[in-house]
There are 2 protein chains.
Amino acid sequence: MSLSESGNHHPLNGIFYPRSIALVGASTNPLSWFINEFYIEPLLKLGFKGKVYAVNPKGGEILGLPVYRRLADIPDTVEHVVSCVPASQTVGLLDECRQVGTKVLQLYTAGFAETGEEDDGAVQAALIEKARCYNIRILGPNCMGIYNPSAGISFCLNYPQQSGSVGLLSQSGSNTTYIIRAAVVRGVYFSKAVSHGNACDINECDLIDYLADDPETRIIAAYIEGTSDGKRFRKVLEKAVARKPVVIYKGGYTEGGKRAASSHTASLAGNDSAWDGLLKQVGAIRVHSVDELTDMLVALLHMRPPLGPRACVMGNGGGASMLAADELERAGFKLPPIPPDIRAKLKQWIPLAGSMIGNPLDASPLMGIEQGKLMAEAGTSGCEDALRNARYLPGDGGMGDWMATLDAWPDIDFFLLHYSIDSLPGTIRDWAITTGGGPMVVAAQECRLPVATVVHFITNEDAWIPSRKLQQLYSDCGFPLFLSIRGAAKAIRRLREFYQKRPDLIEALHR
Amino acid sequence: MSLSESGNHHPLNGIFYPRSIALVGASTNPLSWFINEFYIEPLLKLGFKGKVYAVNPKGGEILGLPVYRRLADIPDTVEHVVSCVPASQTVGLLDECRQVGTKVLQLYTAGFAETGEEDDGAVQAALIEKARCYNIRILGPNCMGIYNPSAGISFCLNYPQQSGSVGLLSQSGSNTTYIIRAAVVRGVYFSKAVSHGNACDINECDLIDYLADDPETRIIAAYIEGTSDGKRFRKVLEKAVARKPVVIYKGGYTEGGKRAASSHTASLAGNDSAWDGLLKQVGAIRVHSVDELTDMLVALLHMRPPLGPRACVMGNGGGASMLAADELERAGFKLPPIPPDIRAKLKQWIPLAGSMIGNPLDASPLMGIEQGKLMAEAGTSGCEDALRNARYLPGDGGMGDWMATLDAWPDIDFFLLHYSIDSLPGTIRDWAITTGGGPMVVAAQECRLPVATVVHFITNEDAWIPSRKLQQLYSDCGFPLFLSIRGAAKAIRRLREFYQKRPDLIEALHR
């Protein structure tokens, strides 16, 4: 996608669509090869259409590219420069940037104001002053930079090439990576992500403002440690929240955390109750960890909001069902008792022994029956494919009837369907996990009510590896996938609260 | 270990050391083969020294054993009988049990009072009445039974043969399995575990009383949904807590959870504030999920209790460090700011760029230096072994000096050392995880202060598989291993609170 195709006329748009990128500080040393793995390999492998240059005083060749000894030696415009050289060299680097027509200098380089040393703060001040003179924007320092899948730009080889609808900004490079990897497993993809570190020039205000305008971005997610301009922050946040859901994880909300923010990104973390008040007034969704942030994105993107607080919980395992009941009620939901007529109907299709036909429901015996049918049809080798092609409809005398009966229960507002893996005392077999936990969720695709899914109770590699297939199936069915009941309960509660305030935004997401 | 060797003269001791076991309802059907996998295979493979019998009206052979058509056909005493036949046949089974001299009938069989059907409740009442007449104890119904590694008794092929010091009772079979698997990964082993289901005869009071007397059991862990004898429950709990730490996860603490308890194990979950008051008065440690229970066992067994609330946090990644700071402070701990003299010393050994030399500390550059040394010494193939043989001591100009300097900081009470994996934007390589996250924890073995370790930020199989090696290393170093900062913070807080009340019990554990 070229600059003009991106459809965003925001002044910051150019930083996401450079036509040429150079890495200054490309490495020939095996111990710092990771630098090339961040800033050259992804461009070569993930479809970046512009030009890629490597710079190192030693020259030579890296990943098939000739290495220029100086940035200024490159006989071309270099719109975007990534710095991996020491902080002391970065002010000088700006002169070379100017010579090659650079628009943005992104500094992976750390060792500026965040160290707390006076000299390092002075270098940062000099850098930003000169950059302003030269009309060059600074991203960072002390950051990973830009991920824009639609332009083939990434700093991580295993970020997906697939583009999505979440725009992420994060002052922490490591949180950026963790959030993206954690989200992708659960079917959440990104329009753009920016790790912006110390934010000495391009900052959270700029980026929220940009993402608010960005047509590719339908949800804004932010990890923020502080802001240097509270007034503007409120203004851009108000603009953004008027248009799309904004989820904010504010790092540094305790006294120790505030000090940490200063030492991490030289941020002024500010008073937490002021932050809390601001986020509430503006109507942003506040979360308190990277996991809560990821859960929230999953809920926003993949779950229709329940219209009330009444849950029906179904899964396998008595212990896991108990946990689900307690966790949901403690998050403010209610599990209405199952009425006799519904119970009488459900009893037709499964034995009572080993089942809990209440709310929660432990439907293990029914799951076993459906698994047996799949195996009879296709054997252990083909039963997973048989599941993917199966339909469970009213009148099937099994999962279809069962789910339809529950879906017709007028006293509930949503389903939470969970499958616990390491609670099964038998040997854990790949096909058995998928065909055991699959049918209820495949059947739920026919339901009128909103559905959340959880794959949980995973302890070791025996369970972990097969659990991935089941997770994929749940995602492929289009449902929000959570990894714990507690995480699901919290995210669904926040989704409901947000929906009550801003039904327009949630409805727009599901249009 | 034989009955007399067990050293426990409690009247219930026999149920853990039967000399012969029969499975009634052994299966020749591939779809219910799991029954044999629960109740025959583990006995044959995990070192049970007594006799094992299989019973099924069809006869034949199962797993090399001749199948008896009736229990009464076995020409021998059968001390322990496991029932997997339908509930309707269990009252009759008792007559056969009597003929072969059975002491305990354990019922995997479900479909009794927990279904809520009048007839099923009546069968349970008839069963218990007849068992009392015959002087046969009932375990269950609706339970998985007994795991006693020192006697080679298990209902799960991959429970460890290694014995440990936690005695577990659980009304949920699935929680039993999840807790054991989750604990083993973190170096926690069991003296005995009992899944006791509906608890119609042998109940939570009997089992706590037994484990209180049991010399192999140093910590009691319980998942309980209700009790039918509140007075006796208080009494046995008081006895147990006088001798060893008792950790209780009470399922069914909300209204929905209470109803679920009735449908799961026919338990009367009772009023939650009464439970809370009782557990507080008696001095048991209360937790609210299976994960919290496992975390608590890890803390009790493997962490020396901090003498104060002041933490020093060290790990990799700015985002993860921020999370650690906030989570610990919110759990009531304090992260004192690093004093200038300590900071000045630490600065000698690593570059400031990319580090956070505060509290929390992000020591990624130092970790990279140590990793480089290991690689230089032994290459990528040998560096993990080199790590296991390495020592990091004061004067080494690296991790040894670093940890010793922090350990000498008088204002802190414990270390929380964490390594986050999926926050690393590079390709995740097996050896790099272990040698990146290993040195700080190996070095910490020399520290005077208590240490907790966390391996976290794991999203997919790329990270999951190598993370296991690092987890193993942390466990092998003798430290408590947690899987999230939040989980660690909660467990350490509970450990401190318990230690303040009962220093005697904690000191006894570490003797």
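Tell me whether the protein assembly as shown comes out rounded, prolate or oblate; compute the Cα gyration tensor, take square roots of the eigenvalues as a ≥ b ≥ c, and use a/c under 1.5 as the rounded threshold. Working shown, then result.
Numbers: a/c = 2.10, a/b = 1.66, b/c = 1.26.
Judged from the Cα gyration tensor, the protein assembly as shown comes out prolate (a/c at least 1.5, a/b above b/c).
Taking each pair of distinct Cα atoms in the range B:311-509 once, what is the resulting Kirkwood hydrodynamic radius in Å? Provide the component values of the computation, followed by the final result.
Values: mean 1/r = 0.0587 Å⁻¹.
For the range B:311-509, the Kirkwood estimate is 17.0 Å.
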Quiz item: What share of the DSSP beta bridges in chain B is antiparallel, in percent to the nearest 5?
Solution: 15 percent
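Given a Förster radius of 30 Å and the C-beta distance between B:E497 and B:Q445 as r, what FRET efficiency does 1/(1 + (r/R0)^6) yield to the nearest 0.05?
FRET efficiency, B:E497 to B:Q445: 0.65.
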Quiz item: What is chain B's relative contact order, in percent, from Cα pairs under 8 angstrom and six or more apart in sequence?
Solution: 11 percent
Self-check item: Interatomic Cα distance distribution for chain B, bins of 20 angstrom, percent
Solution: 22, 46, 26, 5, 0
Quiz item: How high is the relative contact order of the range A:18-139, in percent, with contacts defined as C-alpha pairs under 8 Å that are six or more residues apart?
Solution: 23 percent
Self-check item: Amide H partners (placed H, <5 Å) of A:V67, local residues excluded
Solution: A:G60, A:E61, A:I62
Quiz prompt | Averaged over B:348-355, number of beta-carbon atoms from partner chains that fall within 10 Å | solution = 5
Quiz item: If each residue's Cβ is checked for other Cβ atoms within 10 Å, how do B:D411, B:D385, A:D213 rank with the fewest at the top?
Solution: B:D385, B:D411, A:D213
Practice problem: Could you tell me what percent of the DSSP beta bridges with both partners in the range B:1-104 are antiparallel, to the nearest 5? | Solution: 15 percent
Exercise. Nearest to the axis that maps chain A onto chain B: list the chain A residue whose Cβ wins, with the distance in whole angstrom.
Key: A:W464, 3
Quiz item: Put a dot 7 Å past each Cα toward the Cβ at B:R511 and A:T427; how far apart are the dots in nm?
Solution: 4.4 nm
Exercise. With a point put 7 Å past each Cα toward its Cβ, work out how far A:E118 is from B:R330 in nm, to one decimal.
Key: 3.8 nm
Quiz item: Between A:E129 and B:D504, how many nm apart are label points set 7 Å from Cα along the C-beta direction?
Solution: 6.9 nm
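Taking square-rooted eigenvalues a ≥ b ≥ c of the alpha carbon gyration tensor, is the range B:460-499 rounded, prolate or oblate, where a/c under 1.5 means rounded and, failing that, a/b exceeding b/c means prolate? Write down the numbers at each step before the final one.
Values: a/c = 6.34, a/b = 1.89, b/c = 3.36.
Oblate, because a/c is 1.5 or more while a/b does not exceed b/c.
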Quiz item: Can you work out the base-10 log of I(q)/I(0) for the range B:148-302 at q = 0.11, 0.13, 0.14, 0.17 1/Å, using the Debye formula on its C-alpha atoms alone?
Solution: -0.37, -0.53, -0.62, -0.94
Practice problem: Identify all aspartates and glutamates with a Cα-Cα distance to A:K103 below 18 Å; exclude those on the same chain that are fewer than 8 residues away in sequence. | Solution: A:D73, A:D76, A:E79, A:D95, A:E129, A:D201, A:D206
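Considering only DSSP beta bridges where both residues belong to the protein assembly as shown, give the percentage that are antiparallel (nearest 5). Please report the intermediate quantities before stating the final value.
Numbers: 16 of 120 bridges.
Restricted to the protein assembly as shown, the bridges split so that about 15 percent are antiparallel.
Based on the inverse mean of 1/r over its pairs of different Cα atoms, what is the Kirkwood hydrodynamic radius of the range B:80-224, in Å? Show your work: numbers first, answer last.
Numbers: mean 1/r = 0.0642 Å⁻¹.
Evaluated on the range B:80-224, it is 15.6 Å.
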Exercise. Can you grab the distance from the C-alpha centre of the range B:158-214 to the C-alpha centre of the range A:11-40, Å, no decimals?
Key: 54 Å
Exercise. Compute the Kirkwood hydrodynamic radius of the range A:34-111, taking the inverse of the mean of 1/r over all pairs of distinct Cα atoms, and give it in Å to one decimal.
Key: 13.0 Å
Quiz item: Which parts of the range B:226-258 would a label at B:N271 reach, counting a residue when its backbone N lies under 20 Å from a point 7 Å out along Cα-to-Cβ?
Solution: B:226-235, B:250-258
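Give the average, rounded to an integer, of partner chain Cβ atoms located within 10 angstrom of each Cβ in B:168-179.
Details: counts 0, 0, 1, 3, 8, 6, 16, 9, 3, 10, 15, 5.
Taking all residues of B:168-179 together, the mean is 6.
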Self-check item: Label geometry 7 Å along the beta-carbon vector: B:E255 inter-copy distances in nm
Solution: 4.0
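Please arrange B:M367, B:M440 by how many other C-beta atoms lie within 10 Å of their C-beta, fewest to most. Mind dumping the intermediate values first?
Working: B:M367 23, B:M440 26.
Final ranking by Cβ density, sparse to dense: B:M367, B:M440.
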Quiz item: Ranked by Cβ crowding within 10 angstrom, fewest neighbours first, how are B:F34, A:F498, A:F479 ordered?
Solution: B:F34, A:F498, A:F479
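First measure r as the distance between the Cβ atoms of B:R391 and B:D411, then evaluate 1/(1 + (r/R0)^6) with R0 = 25 Å and state the FRET efficiency to the nearest 0.05.
Working: r = 27 Å, r/R0 = 1.07.
Given R0 = 25 Å and the Cβ-Cβ separation, E is 0.40.
Grab the Cα-Cα distance for B:H9 and B:L307, subtract it from 0.36 nm times how many residues apart they are, and report the gain in nm with one decimal. Each step should come with its number before you reach the end.
Values: separation 298, 0.36 × 298 = 107.28 nm, distance 3.76 nm.
Full extension from B:H9 to B:L307 adds 103.5 nm.
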Self-check item: 7 Å along Cα→Cβ, label-point gaps from B:C447 to other copies, nm, shortest first
Solution: 4.6
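So for the range B:228-296, what are the equivalent ellipsoid semi-axes in whole Å, largest first, each being the square root of 5 times an eigenvalue of the Cα gyration tensor? Walk me through the numbers before you get to the answer.
Details: eigenvalues 83, 48, 20 Å².
Three semi-axes, in Å: 20, 15, 10.
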Self-check item: Teacher prompt: A:K58 distances to equivalent labels in other copies, 7 Å Cα→Cβ, nm
Solution: 7.1
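Counting only other chains, what is the mean number of Cβ atoms within 10 angstrom of the Cβ of each residue in peptide A:419-431? Present the calculation step by step, with values, prior to reporting the outcome.
Values: counts 0, 5, 2, 9, 11, 7, 20, 11, 6, 2, 0, 0, 0.
Mean shielding by partner chains, rounded to a whole number: 6.
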Exercise. Scan around B:I338 for amide H atoms under 5 Å from its own, H built in the peptide plane at 1.01 Å from N, and keep only partners 5 or more places away or cross-chain.
Key: B:N359
Self-check item: Check: the range B:148-302 dipole with +1 on Lys, Arg Cβ and -1 on Asp, Glu Cβ, in debye
Solution: 200 debye
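Taken together, the values in this text are just the output of simple stated rules run on the coordinates, not laboratory data. No experiment lies behind these values; they were computed from the predicted model shown. Neighbour counts run over all protein chains shown; Cβ positions are idealised from the backbone, glycine included.
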